[in-house]
Each structure stands twice: as structure tokens, then as C-alpha cells.
Amino acid sequence: MYGTFVDSGFEIENGKWFIVLYIGVICIPNYFIFEHNGQWKDIVNEFDQLPRKTNKIGRCVVWVIIILIIASLIFSIYLMDQKARINHTGPYSREYMEQQKMDSISN
């Protein structure tokens, strides 16, 4: 499936493309949103002035998002395990199971 989206001849060349992508996607917008002319101070002051109830609601929203992300990760791992069992791949492959039996017999 990976080969469907990425050309098989594509090479990252020791992370050079990653560095360029990181600078372009993360660092440049970060500079203009937060660092340029000390805008981060205005943002901090704005959030400091929010009412206590709004802060509690925001905190709850953040925790719900974090819990959903962790639940999604766990569910994804579960689904990958189920798919591996169905397709007999990974630790459920015949070769791996036979190797485990041989190792347990020799020990």
C-alpha cells in the first residue's frame, strides 16, 4: 500500500527532505504566528484574561481529545492484530509459529 502513494525510487537522502519540510511546514508559520514582533505575549495575555469557566471547558475539551487519540491508537492496534490473525502474518504466520515451537522444544 505504501508503494501506491510514494514512488519506489523516492529517497529521502539522509533526512534532507525532512528538514526542508519541517522548516517549511512548522518553523516558518510558527515564526509568523508566535515569534514575529513578540506576538506570543499578546496571545498569553489574551488567554490569561479568560474566565475560569471557559478555562475549565477548554481543559475538558483537551482531555476528551487526548482520550480519543489514545483510544483510537488502541483500537488501531487491535484491528491490526485481528487482520494479522486473519491473514496469518506477523506473529501469526505459520513460519513464526513453527519457529516458536522449535525454540520452546529446544529450551
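The values are calculated or read from the model by the stated rules, or taken from the named source; none is laboratory data. Quantities reported herein were computed from a predicted structural model and do not represent experimental measurements. Neighbour counts are summed over all protein chains in view; Cβ atoms, including those assigned to glycine, are modelled from backbone coordinates with ideal geometry. Please note that ligands, DNA and RNA were not included when accessible areas were found on the heavy atoms of the full protein model with its side chains. Shrake-Rupley method; radii C 1.70, N 1.55, O 1.52, S 1.80 Å.
Of note:
To keep it simple, each residue is scored yes or no on (1) among the hydroxyl-bearing types (Ser, Thr, Tyr); (2) on the phi > 0 side of the Ramachandran plot.
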position	(1), (2)
Asp48	no, no
Asn55	no, no
Cys60	no, no
Ile67	no, no
Ala71	no, no
Tyr78	yes, no
Asp81	no, no
His88	no, yes
Tyr96	yes, no
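- Taking the criterion of being under 23 Å from Phe47 (Cβ atoms), modelled with pLDDT of 95 or more and open to solvent by less than 100 Å² (accessible area, probe 1.4 Å), the residues of the range 57-100 that qualify are Ile57, Cys60, Val61, Val62, Val64, Ile65, Ile66.
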